[in-house]
Amino acid sequence: MAITAHSYQGTTAVRPEFRLDERVLLPWLEAHVAGLRGPLTIEQFKGGQSNPTYQLRTPERSYVLRRRPPGKLLPGAHDVEREARVLRALQQILFPVAAVHALCTDVSVIGTHFYVMEMVEGRVFWDASFPDVTAVDRPAYFDAMNATIARLHGIDFELIGLGDFGKPGNYLARQIGRLTKQYLADVEAGRDPDMDALINWLPAHVPHGERAAIVHGDYRCDNLIFHPTEPRVVAVLDWELSTIGDPLADFAYHAIMYRMPPDIVAGLGGADVEALRIPAESAYLATYCARTGRTSIPSFDYYVAFNFFRLAAIFHGIKGRVLRGTAVSAHAAARAQAFPRLAKLARAAMDRCR
């Protein structure tokens, strides 16, 4: 089943398993979000696979609420407090994020922790080829994505209070270990021979010389809001996977859009980038390197293998949530079906490294 861009655009009625009790929520919002007054209308965003996200509409303005999903969760997953913390830290230096209005850790309100942030207006592109942009303007949109992630990786995380947001070192080894542990623990989702091969190979070939930076963890065009008419990023969304880690791994995750089949997530696999006036992969990498003071990314193929493995592991987790009945998105089943394809892409990238 292919997932179209339309599948994720806009909002829909809240799915029954993720309903919120407005009678309890509205009084809390009025007490903790400055200027918010009811009545309140709640809809659920179609996009998102992890933390349920809602649009809250009031007579004066709209807001966004993100919460932990209900039900059985893997340890350490869906930590909305971490999301709120990194957003607030980045607000201080005017990095493009949505402003956080309030965080709630009282489970008596809606049953899980949640936070409320501003509703940023703009354009979200679910298709990495940016079909709604003219060929003349398309390079500027890619340059804006490149510039924003380069800026993120240059931020002094100690200076903005994120010195303890993650461990600055051994990021790849820790990520591989954590993802392996989650993969093996999710018995319902089963095993895959390609994933098992990667689990054995990746830890033994981790590149040396990691730097440390704030990493987003899911930096893709569909997690960005662009200005309504300009090629400018006005908000970076979905910080659930953010931490202190290897910026090259973070950038490579973004750059695998060039090799990603477009029916899995926003990707350019199979696209004629020259005809679309999209910068070639090599040029896109060179631009990032120039912005971050590097001459090259020698281990780029390893980072590609790692990131396809990482995304496959995330989709394996989605498969488990589908089987357990706790999946957030109505399209989670299609994600689950894509898991073995991602595992194959990861193994193919691993074989290229060899």
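Screening Ala266 with (1) within 17 Å of the chain's Cα centre (by Cα); (2) over 22 Å from Ala135 (Cα atoms); (3) hydrophobic (A, V, I, L, M, F, W, C) gives one miss only, at (2). Considering the range 250-328, the qualifying helices (runs of 4 or more DSSP H), each wholly inside and each with 1 or more residues that are at pLDDT below 95, run over 300-324.
Please work out if Pro228 is at pLDDT 95 or above and part of a loop (DSSP other than H, G, I, E, B). In short, yes. For residues that are within 30 Å of Pro261 (Cβ to Cβ) and not charged (D, E, K, R), tally how many sit in the range 112-129. Residues that pass the stated criteria total 7.
Just one residue in the set Arg88, Arg67, Arg57 is surrounded by fewer than 20 Cβ atoms within 10 Å (Cβ to Cβ) and touching a Ser or Thr at 6+ places or on another chain (Cβ under 6 Å); that residue is Arg57.
Exactly one residue out of Ala147, Ala173 is under 19 Å from the mean Cα position of the chain (by Cα), in a helix (DSSP H, G or I), surrounded by fewer than 18 Cβ atoms within 10 Å (Cβ to Cβ) and hydrophobic (A, V, I, L, M, F, W, C), and it is Ala147.
Per-residue answers, yes or no, for (1) closer than 27 Å to Gly10 by Cβ; (2) in contact with an Asp or Glu (Cβ under 7 Å, 6 or more places away or on another chain); (3) surrounded by fewer than 22 Cβ atoms within 10 Å (Cβ to Cβ); (4) hydroxyl-bearing (Ser, Thr, Tyr):
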{"residue": "Asn307", "(1), (2), (3), (4)": "no, no, no, no"}
{"residue": "Gly317", "(1), (2), (3), (4)": "yes, yes, no, no"}
{"residue": "Ala334", "(1), (2), (3), (4)": "yes, no, yes, no"}
{"residue": "Gln337", "(1), (2), (3), (4)": "yes, no, yes, no"}
{"residue": "Pro340", "(1), (2), (3), (4)": "no, yes, yes, no"}
{"residue": "Ala343", "(1), (2), (3), (4)": "no, yes, no, no"}
{"residue": "Ala348", "(1), (2), (3), (4)": "no, no, yes, no"}
{"residue": "Arg354", "(1), (2), (3), (4)": "no, no, yes, no"}
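Looking only at the range 124-139, residues that are buried (at least 16 other Cβ atoms within 10 Å of the Cβ) and either over 17 Å from the mean Cα position of the chain (by Cα) or farther than 26 Å from Arg66 by Cβ (or both) come to 5 in all.
Only a single item in (1) hydrophobic (A, V, I, L, M, F, W, C); (2) touching a helix residue (DSSP H, G or I) at 6+ places or on another chain (Cβ under 7 Å); (3) more than 22 Å from Asp246 (Cβ to Cβ) is not met by Ala334, and it is number (2).
Among the residues making up the range 21-37, a single one is closer than 30 Å to His331 by Cα, out of contact with any Leu (no Cβ under 8 Å at 6 or more places or on another chain) and surrounded by 12 or more Cβ atoms within 10 Å (Cβ to Cβ): Val24. Considering the range 203-225, and only residues there that are part of a strand (DSSP E or B) and farther than 16 Å from Ile155 by Cα, the residue that is farthest from the chain's Cα centre (by Cα) turns out to be Ile225.
Here Gly76 qualifies as under 30 Å from Arg174 (Cα atoms), among the small types (Gly, Ala, Ser) and modelled with pLDDT under 95. Remark: pairs (first residue in the range 286-302, among the hydroxyl-bearing types (Ser, Thr, Tyr); second residue assigned to a loop (DSSP other than H, G, I, E, B); Cβ separation under 6 Å; 6+ apart in sequence or on different chains) = Ser299/Pro207; Tyr302/Pro207.
The values are calculated or read from the model by the stated rules, or taken from the named source; none is laboratory data. Bear in mind the structure is a predicted one, so any value in this text is a computation, not a measurement. Heads up, the Cβs are rebuilt from the backbone with ideal geometry, glycines too, and the neighbour counts pull from every protein chain shown.
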